[in-house]
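Remarks on the structure that follows.
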Amino acid sequence: MPTDRLYDVEKATSAGIDIFVTDAVVDMDAVKRRDENCCRFITNHFLCCPSPENTCPRRGFPNIEDKENWHGKPLGPKEADISRKAIEAQIHNHGHIHFDLPKIIHDAPKIESLKVHLSEPPKYKLGDKIATRKTYGEALVKLGKTTSHLVALDGDTKNSTFAITYKNAFPERFVECFIAEQNLVGVGIGLGCRDHNVVFCSAFAAFFTRAFDQIRMGAISQTKVNFVGSHAGCSIGEDGPSQMALEDFAMFHSIHGSVCFYPSDAVSTERAIELAANYEGITFTRTSRPETPVIYPNEEVFEIGKAKVVKSSEQDQVTVVGAGITLYEALAAYDKLKVEGIMIRVVDPFTLKPIHKDTLVECARATGGKIVTVEDHYPEGGLGEAVAGALSEELNIRVHRLAVTGIPRSGLCHELLELYGISSAHIIKAVKSMI
């Protein structure tokens, strides 16, 4: 066995780690016989490692057994012929082999349709303040009342994502996956197999980065799972940068066939969750920690890939596109600029993927080809890039992008929005620079 594949036993031992060498397949009974005091395994950081002489890649293949630089390489005609003969020499029965296959049992209940809807429409008052993360839990309960096949999972953050609201209403349809996001995604994909359940997986949006491989493979497997990430952006405030999702849209945007929702108030959040539940594929919904006012009437209709023009007039000079917390910064900028006689058009994209190109083009043309985007996300892969990409083939349209460009620190929400350049004051400055 080459030196670079041996364990540095002396270094581990000097660090206070007991080493127990065993075969490649760990015999746990042998481990226990090594030290019957199981607590000592933990306190002394007990480590089992395979014996090098019993770890042999490509065993039984002449010329390449236990040789370096063969992983993932084609054998070539000579080595392939030698290996084929070696395998054939191990075959004892060269006659016809018959297998009695068991009958396929169709014991899973047949689901005719999992089209679900809210048990009742949103019931909010304009101006009421509610965090979209809280609305997520309430929307799940409404969906759960219309189907017994809605399953919610969470990664030990249910009191923050408000998946706990669904757990309290339907405990038998909730799965706690604890702090193991890869497992959370894997279980969700499994529950969604063969369209037998509507599945929602929630966690802090930043923590889904740990499970990107599972999410990506789920898309390849054409899974239907809905992911909901809360505590996004520097607007979460005091929790600090380790929990501030600033690359979540970049990740989910790259997933084939995915839809990325970014609802801004309670009404749009309920409708986003309803639309996600009925989408054939992967969805991601970003919810916010801060409370935001209700700006849409309860009867407002939302669609995937359809933006909302929140403020407009014939005198608009610049279009400002904001989503989630930054939509409200855009509305604050609208009020301040209006006092100065400067009118802007404010657009809420609702979904970042697909982005509503027609609305963006129409608004850009109406405001002299000037657009400002503002997002609580890094510049890469978020709202600004989505808007710029949609308009890339349009002539005479300029996009000024505001985004978080540094690693944030802990602080109050409004302080961080100002510090990292995505507050209403920065929007006003960007607008004035374009007119």
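Residues to consider are Ala131, Ala139; find the one that is in contact with a strand residue (DSSP E or B) (Cβ under 9 Å, 6 or more places away or on another chain) and under 30 Å from Glu172 (Cβ atoms).
When all the criteria are applied, what remains is Ala131.
Being surrounded by fewer than 19 Cβ atoms within 10 Å (Cβ to Cβ) and of a type outside the set (Gly, Ala, Ser) is true for just one of Asp376, Asp358. Which residue is that?
Being surrounded by fewer than 19 Cβ atoms within 10 Å (Cβ to Cβ) and of a type outside the set (Gly, Ala, Ser) holds for just one of Asp376, Asp358, which is Asp358.
Checking the structure you have, find out if any residue of the stretch 17-31 is part of a helix (DSSP H, G or I), of a type outside the set (Ser, Thr, Tyr), modelled with pLDDT under 60 and surrounded by 14 or more Cβ atoms within 10 Å (Cβ to Cβ).
Yes, the stretch 17-31 contains at least one residue that is part of a helix (DSSP H, G or I), of a type outside the set (Ser, Thr, Tyr), modelled with pLDDT under 60 and surrounded by 14 or more Cβ atoms within 10 Å (Cβ to Cβ).
I want to confirm something. Restricting to the stretch 309-327 and keeping residues that are aliphatic (A, V, I, L, M), in a strand (DSSP E or B) and open to solvent by less than 20 Å² (accessible area, probe 1.4 Å), which single residue is farthest from Ala366 (Cα to Cα)?
Looking at residues that are aliphatic (A, V, I, L, M), in a strand (DSSP E or B) and open to solvent by less than 20 Å² (accessible area, probe 1.4 Å), I get Val321.
Would you check which residues across the stretch 270-286 are open to solvent by less than 10 Å² (accessible area, probe 1.4 Å) and more than 17 Å from the chain's Cα centre (by Cα) and list them?
If the condition is that a residue be open to solvent by less than 10 Å² (accessible area, probe 1.4 Å) and more than 17 Å from the chain's Cα centre (by Cα), then Glu270 is the only one that fits.
Look through the stretch 377-396, keep the residues that are over 22 Å from the mean Cα position of the chain (by Cα) and not in a loop (DSSP other than H, G, I, E, B), and return whichever of them is nearest to Ile355 (Cα to Cα).
Out of the qualifying residues, it is Ala390.
Tell me the residue from Asp316, Asp335 that is farther than 26 Å from Gly188 by Cβ and free of Cβ contacts under 8 Å to residues at least 24 places away in the same chain, please.
Within the list Asp316, Asp335, the selection yields Asp335.
Among the residues of the stretch 327-360, how many are closer than 18 Å to Met434 by Cβ and out of contact with any helix residue (DSSP H, G or I) (no Cβ under 8 Å at 6 or more places or on another chain)?
Of the residues in that region, 4 qualify.
When you look at Glu418, is it among the acidic types (Asp, Glu), outside any strand (DSSP E or B) and surrounded by 23 or more Cβ atoms within 10 Å (Cβ to Cβ), yes or no?
So Glu418 fails the test.
I'd like to verify a number: residues in the stretch 421-431 that are open to solvent by less than 40 Å² (accessible area, probe 1.4 Å) and either farther than 12 Å from Glu329 by Cα or touching a Pro at 6+ places or on another chain (Cβ under 9 Å) (or both), how many?
2
Go through the stretch 253-269 and give me each residue that's crowded, with 21+ Cβ neighbours inside 10 Å and free of Cβ contacts under 8 Å to residues at least 60 places away in the same chain.
Within the stretch 253-269, just Ile255 meets the criteria.
Go through (1) open to solvent by 10 Å² or more (accessible area, probe 1.4 Å); (2) over 22 Å from Gln317 (Cα atoms) one by one and return the number of the condition Val404 breaks.
Only one criterion in (1) open to solvent by 10 Å² or more (accessible area, probe 1.4 Å); (2) over 22 Å from Gln317 (Cα atoms) is unmet by Val404, namely (1).
Taking the stretch 328-353 only, how many residues are part of a helix (DSSP H, G or I) and hydrophobic (A, V, I, L, M, F, W, C)?
Residues that pass the stated criteria total 6.
I need the helices (runs of 4 or more DSSP H) fully contained in the stretch 84-188, keeping only those with at least 3 residues that are under 29 Å from Ala266 (Cα atoms), open to solvent by less than 30 Å² (accessible area, probe 1.4 Å) and of a type in the set (A, V, I, L, M, F, W, C).
By residue number, 132-144.
Go through Ser221, Ser242, Ser230 for me and flag whichever is touching a helix residue (DSSP H, G or I) at 6+ places or on another chain (Cβ under 6 Å) and of a type in the set (Ser, Thr, Tyr).
Ser230
When residues of the stretch 228-253 are filtered for being closer than 16 Å to Gly324 by Cβ, of a type in the set (A, V, I, L, M, F, W, C) and under 9 Å from the mean Cα position of the chain (by Cα), how many remain?
Of the residues in that region, 3 qualify.
The values are calculated or read from the model by the stated rules, or taken from the named source; none is laboratory data. Since we're looking at a predicted model, the values are computed, not measured. With ideal geometry, Cβ positions are generated from the backbone for all residues, glycine too; neighbour counts draw on all protein chains shown. Ligands, DNA and RNA are stripped out before the accessible areas are found, and what is left, the full protein with its side chains, is counted by its heavy atoms. Shrake-Rupley method; radii C 1.70, N 1.55, O 1.52, S 1.80 Å.
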